[in-house]
Amino acid sequence: WAHSIRFHNSFLLERTAPGEAERLAAIEHALANSAAHGLPQISVARNEGKFLRLVARSIGAKRVLEVGTLGGVSSIWIAQGLPPDGRIVTLELSEERAKVAKQNWEAAGIAHQISIIVGDAVASITALHPSESEPFDMAFIDADKKSNPTYFREAKRLVRSGGVIIVDNVIRRGRIADLSNTQPDQEGTREMLRMIKEDAEVDATTIATAGEKSFDGFLYAIRL
Ligand code: SAM
C-alpha cells in the first residue's frame, strides 16, 4: 500500500498552488534535518500532516496546543494552516529534540509563531491556563500514549467549545483492539477511548489512516 499512498500523495501533496512548493520544501527539510540529528522517524505521515493543516484552516484556528513535538514536523504542518498572527504552544520532554525542532521552525520561517515548553507534558499541560479571551481552537496529542487520558482531559479543559482535539495513533495496526496487549501505551489509549464514550462534553470518532509506513488512526473529537 506504500505505492498507493505515494500515488495519491503525488496529486494531493504536490499541488502547484502559489507558495506550496516552499511550504512542502520546509517539511522535507525538517524531516531530513531531524534524521541527520538522529531523531526517530516517527513524525506524522505527509497525508496526515496535510490533514492537520486542513483542519486548522477549516476551523479558522488561531491558537493550537500540541503535545509531543519531536523535530517539529507536525507543528510546521499546523502552522502552515494558521493566519500570520496564529500561535502554537507545543510540549516536549527532550531538550535535544526541542533544539532540532527550533532549527526546523527557523528554516520554515514560522519560529515566531511557536512556543515550546520542555519537560514532562503531564506537568506542563496541567499547569497551562490560557486566558479566557484566548482559549485554544485545536489540540493535537501525539506523545507518550500511556498519558493519553490525562492529555485528553486537559486538552478538553483548554480547548474552546466548537474546537477540535485530535489524538494520533489510536489504532496502531490493531494493537489497541488486541486486548491481550496490556502494555501501558495501549492501555492508556484504550482508557481514553472508554472515557470519551461516557463524556457528554465531546463528540468523537476514530478515523483509520494509512500512511507510507503503517496502518493507524486518528481520534477526532469536537469540544461541545
Ligand atoms: N508530533 C510529532 C510529529 O508528528 O512531528 C511527533 C511526536 S513523537 C511521535 C512523540 C514525542 O513525544 C517524542 O518527541 C517524545 O520525546 C515526546 N514525549 C514522550 N513522552 C513525553 C512526555 N512525558 N512529555 C513530553 N513529551 C513526551
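What follows draws every value from the coordinates through simple rules; no lab data is involved. Just so it is clear, the model here is predicted, and its values are computed rather than measured. Positions of Cβ are backbone-derived with ideal geometry, glycine not excepted, and every protein chain shown enters the neighbour counts.
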Could you order the peptides 108-116, 135-143, 200-208 from most to least packed, using the average number of other C-beta atoms within 10 Å per residue?
135-143, 108-116, 200-208
In nanometres, what is the gap between the two model label sites at Glu134 and Ala17, each 7 Å from Cα along Cα-to-Cβ?
2.6
Can you find, among Val164, Pro18, Ala36, the residue farthest towards the positive end of the dipole of the chain? Put +1 on the C-beta of Lys and Arg, -1 on that of Asp and Glu.
Pro18
Helical mean residue ellipticity (222 nm; -39500 (n - 2.57) per DSSP H run of 4+; nearest 500) of the chain:
-13000 deg cm²/dmol
Cross-link table Lys156/Lys213; Lys50/Lys156; Lys99/Lys145; Lys50/Lys99; Lys62/Lys156, entries beyond 27 Å C-alpha to C-alpha
Lys156/Lys213
What shape does the range 119-173 take by its C-alpha gyration tensor, where a ≥ b ≥ c are the square roots of the eigenvalues and a/c under 1.5 counts as rounded, a/b above b/c as prolate, and the rest as oblate?
oblate
Rounded if a/c under 1.5, otherwise prolate or oblate - the range 2-223, Cα gyration tensor axes:
rounded
